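Please read the structure below before turning to the comments.
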Amino acid sequence: MPITANSLFRDSVNFIRNQLSSFIMLALLASFISYMLFQALVPNTTELHKIITDAIGTSQVSRSELQSVINGMSREQQLSIVEAAMPLFGAMGLSFLLSNLLLIGGVVTLIMQVSQGHKTSALRSIGSSAASLPMLLLLLVISLPLIFFGFSLYLLPGIFFIFVLVMAPIILLESKQGLIHAISTSWGMAFSNVKIILPIVLFTLSVKFILFMLSVNVAASSPVAISLLVDAISYLVTAFMFVYLFRLYMQVKG
């Protein structure tokens with residue numbers, strides 16, 4: 001029987017439904033850890049705020065107006081803003097990296113345990129994935145800068161890097177054959193299953209972008225719980241993608 005995106009989508013929905021409480025717990029944990037890490041690591045932004053307000057003469061400015069003002073600044077002013085913002089970007093990047101490390105490790109391990117008939121939960125899956133997290137962390141440290149660099153160049157290079165590397169965490173955790181094997185196998189599987197992998201990647205990116213824009217809009221005016229909930233939904237979408245890809249991997253492998 002041929003593998004189709006529709007059949008994988010339906011199977012993944014049923015899998016998520018049967019393990020919904022565990023997936024929700026993993027998504028909430030990832031969202032909470034991301035928030036707490038960012039709050040712990042975020043630097044004092046007084047200097048950054050001062051540089052911007054000195055340049056525009058007021059602290060009351062919309063995002064579009066702020067972008068226009070920054071584009072009109074001298075190169076020295078732009079560099080000073082970037083330098084002052086680097087610790088903030090670092091805090092955001094580290095919280096994103098570690099929360100996704102926990103989420104991906106827990107989700108893939110949970111899927112493996114359920115598929116093998118083991119009784120499990122969100123916390124058990126996280127504990128069971130602990131031994132594999134260092135190697136998964138190394139994979140993410142390699143993959144995420146490539147993806148962000150691709151998006152900084154243009155949209156398509158970023159999507160390309162996600163497309164060719166998205167199977168790597170699953171292969172790494174399931175096969176335990178090392179980083180190079182995971183990356184090379186992911187690359188090969190991606191091009192062999194373009195019509196199956198590309199739709200779920202584009203679907204996930206589209207939904208996460210919408211949720212990101214919603215999160216940005218509610219962050220300043222809504223309670224923290226609302227932002228955490230929106231982030232948790234975004235992590236749940238990521239979990240769904242990995243369920244879909246894991247089922248594809250097992251069918252191709254079998």
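The values are calculated or read from the model by the stated rules, or taken from the named source; none is laboratory data. Because the structure is predicted, anything quoted here is derived from the model rather than measured. Virtual Cβ from ideal backbone geometry, glycine too; neighbours counted across all protein chains shown. What goes into the accessible areas is simple: the full protein's heavy atoms, side chains included, and nothing from ligands, DNA or RNA. Shrake-Rupley method; radii C 1.70, N 1.55, O 1.52, S 1.80 Å.
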Only residues in the range 119-141 that are closer than 14 Å to VAL107 by Cβ count as the first member; pair them with residues that are among the β-branched types (Val, Ile, Thr) and open to solvent by less than 60 Å² (accessible area, probe 1.4 Å), Cβ under 7 angstrom, at least 6 apart or cross-chain, and list the lot.
THR120/VAL114; SER125/THR109; SER128/THR109; SER129/THR109; LEU136/ILE104
Only residues that are among the hydrophobic types (A, V, I, L, M, F, W, C), open to solvent by 40 Å² or more (accessible area, probe 1.4 Å) and modelled with pLDDT of 80 or more: list them for the range 208-224, please.
PHE209, ILE210, PHE212, MET213, LEU214
Which numbered condition in (1) open to solvent by 40 Å² or more (accessible area, probe 1.4 Å); (2) polar (S, T, N, Q); (3) touching a residue at least 12 places away in the same chain (Cβ under 8 Å) is the only one that SER152 fails?
(3)
Take LYS176 and decide whether it is in contact (Cβ under 8 Å) with a residue 40 or more places away in the chain and at positive phi.
yes
Considering (1) modelled with pLDDT of 90 or more; (2) open to solvent by 70 Å² or more (accessible area, probe 1.4 Å); (3) under 22 Å from LEU28 (Cα atoms), say which one MET92 fails and leave the rest.
(1)
If we ask which residues in the range 14-39 are open to solvent by less than 80 Å² (accessible area, probe 1.4 Å), free of Cβ contacts under 8 Å to residues at least 12 places away in the same chain and within 20 Å of the chain's Cα centre (by Cα), their number turns out to be 1
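Quick check: anything in the range 146-156 among the β-branched types (Val, Ile, Thr), closer than 27 Å to THR4 by Cα and out of contact with any helix residue (DSSP H, G or I) (no Cβ under 7 Å at 6 or more places or on another chain)?
Going residue by residue through the range 146-156, those that are among the β-branched types (Val, Ile, Thr) are 147.
After this cut, where a residue has to be closer than 27 Å to THR4 by Cα as well, the list is 147.
Next, only the ones that are out of contact with any helix residue (DSSP H, G or I) (no Cβ under 7 Å at 6 or more places or on another chain) stay: none.
Taking every residue of the range 146-156 in turn, none turns out to be among the β-branched types (Val, Ile, Thr), closer than 27 Å to THR4 by Cα and out of contact with any helix residue (DSSP H, G or I) (no Cβ under 7 Å at 6 or more places or on another chain).
Listed here are the residues, each with its yes/no results for (1) in a helix (DSSP H, G or I); (2) of a type outside the set (Phe, Trp, Tyr); (3) open to solvent by less than 20 Å² (accessible area, probe 1.4 Å).
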residue: SER128; (1), (2), (3): yes, yes, no
residue: LEU137; (1), (2), (3): yes, yes, no
residue: LEU144; (1), (2), (3): yes, yes, no
residue: PRO157; (1), (2), (3): yes, yes, no
residue: PHE161; (1), (2), (3): yes, no, no
residue: THR185; (1), (2), (3): yes, yes, no
residue: ALA190; (1), (2), (3): yes, yes, yes
